[in-house]
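Below: the structure, in structure tokens.
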Number of protein chains: 2
Amino acid sequence: MKQMKSSKPPVAVPAISISRLSLYARRLATLERKGVEMVTSSVLADACGVNSPQVRNDLSYFGGFGVKGVGYYVGELLFEIRKILGLDKQWRLGLIGVGDLGTALLKQNQFANDEYAFVAACDKDPKQVSRQIGEITIEPFDSMERAFNAAKVEIGVINISHRLAQKVADKLIKGVGVRGILNFSAADIQCPKHVFIENVDFTLSLDKLCYRLTSSSPR
Amino acid sequence: MKQMKSSKPPVAVPAISISRLSLYARRLATLERKGVEMVTSSVLADACGVNSPQVRNDLSYFGGFGVKGVGYYVGELLFEIRKILGLDKQWRLGLIGVGDLGTALLKQNQFANDEYAFVAACDKDPKQVSRQIGEITIEPFDSMERAFNAAKVEIGVINISHRLAQKVADKLIKGVGVRGILNFSAADIQCPKHVFIENVDFTLSLDKLCYRLTSSSPR
């Protein structure tokens, strides 16, 4: 009885479905650690506040998963989702700008289920340079290209002032050849089409919270 | 010529539309600072990678905005979106667990356009207690309820180990009466229906990035 049949989607998959795949993977990883073998779509649906048909719809973009009337094999579905998301390898991150947030990131270093690891970091501040955090030694800003190339950085994590962000992004793209940037700065970074940027802004989460607080209560 | 006519939406507004309203507001605030008076839907669309009809659709949940064939008045649309999102006031945040990330948050303290401000913080670590960061003095963990009530905290920001997160959330809800929680921990916090939780997890942004990197290149 073969459960899985993942394939490249023929249509563009909505970003929201991709985000839910991440959440399904988190829930599946937790279940796997607990030794659970089978899971229903409604359990996965609970993991991100949707319903079972939505789970089946999200997965349907990538082929046929699961056993009708029974559910999904936890280990196999996790394996397939990781493959879909590109998380069947460890991604090498380079941090630009350490500061307090960067220090927190480097101390944690291994994220999710070891799917991400910082392999290099640099900072402008002479007080940060040569500091050791975990296995990473902070390099001077001017050595970024050399250090990031040597460490084979694949994704740049920008955590510097928005005034410098574009310049650093250009260097990362041209000098290091990264194709992915995680941007913690407030800058609206422009980049060529082959490069992808994700902006991380927790104030957007706060905005969502405030809308729900406001729209659910008399003003 | 009256441009605006915002009203309570008769239907549930999709979460993604709310997120886009935040992004429109950011773009509008930038334009306002630059002294721009009018904006087209396509400029707003650019701010979050959608198209003009999507912008009009997002706004249509809340009434009629804009002047046909001309665009939107920047200041007025910003005012209305802020009202919709509940950002026409400053929200009072209380931080539980300082650490490196919390220190970064407290140093920044005022977020977005002063729509959020930390008014209290507490920590378990005796080394953190009594430390002053900006205008905030870190309180001991055991004094959280007293300190947060005194500071009139409306939203709790949880930045502690996932093992303690649920206990802290319960205290925030029952002892302080907060109705909104921003959760930086990995815990899957359960709460009563009148309380809203937003989980902040930048690894989800990394997952999205990796999917785009993986699906756009030969493997």
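Okay, here's what the table says:
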item	result
Selection status of A:Val55, within 13 Å of chain B (Cβ to nearest Cβ), in contact with a Lys or Arg (Cβ under 9 Å, 6 or more places away or on another chain) and not charged (D, E, K, R)	no
When residues of region A:44-63 are limited to those that are modelled with pLDDT under 85 and outside any loop (DSSP other than H, G, I, E, B), the one most open to solvent (accessible area, probe 1.4 Å)	A:Asp46
Close pairs from region B:129-150: first closer than 24 Å to B:Ile173 by Cβ, partner polar (S, T, N, Q) and part of a loop (DSSP other than H, G, I, E, B), Cβ under 6 Å, at least 6 apart	B:Ile138/B:Gln128
Count of region B:102-114 residues which are over 30 Å from B:Phe65 (Cβ atoms) and open to solvent by 40 Å² or more (accessible area, probe 1.4 Å)	2
Candidates A:Gly94, A:Gly175, A:Gly75, filtered to the one that is in contact with a strand residue (DSSP E or B) (Cβ under 7 Å, 6 or more places away or on another chain) and on the phi < 0 side of the Ramachandran plot	A:Gly94
Number of positions in region A:115-151 that are in contact with a helix residue (DSSP H, G or I) (Cβ under 7 Å, 6 or more places away or on another chain) and open to solvent by 40 Å² or more (accessible area, probe 1.4 Å)	5
Selection from region B:142-192 of residues that are modelled with pLDDT under 90 and among the charged types (D, E, K, R)	B:Arg163, B:Asp188
Subset of region A:77-101 (residues that are of a type in the set (Gly, Ala, Ser), open to solvent by less than 20 Å² (accessible area, probe 1.4 Å) and over 19 Å from B:Leu204 (Cβ atoms))	A:Gly94, A:Gly97
Residues within region B:77-102 that are assigned to a loop (DSSP other than H, G, I, E, B), among the small types (Gly, Ala, Ser) and facing chain A (nearest Cβ under 10 Å), tallied	1
Filter result (in a loop (DSSP other than H, G, I, E, B) and touching a helix residue (DSSP H, G or I) at 6+ places or on another chain (Cβ under 8 Å)) within region A:103-114	A:Ala112, A:Asn113
Selected residue (criterion: nearest to B:Ala186 (Cα to Cα)) from residues of region A:21-43 that are outside any helix (DSSP H, G or I) and open to solvent by 50 Å² or more (accessible area, probe 1.4 Å)	A:Lys34
Any strands (runs of 3 or more DSSP E) falling wholly within region A:116-219 and containing at least 2 residues that are within 14 Å of another protein chain (Cβ to nearest Cβ)	A:116-123, A:155-158, A:180-183, A:196-199
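The values are calculated or read from the model by the stated rules, or taken from the named source; none is laboratory data. These figures come from a predicted structure and were not determined experimentally. Cβ coordinates were reconstructed from backbone atoms using ideal geometry, including for glycine residues, and neighbour counts include every protein chain displayed. What goes into the accessible areas is simple: the full protein's heavy atoms, side chains included, and nothing from ligands, DNA or RNA. Shrake-Rupley method; radii C 1.70, N 1.55, O 1.52, S 1.80 Å.
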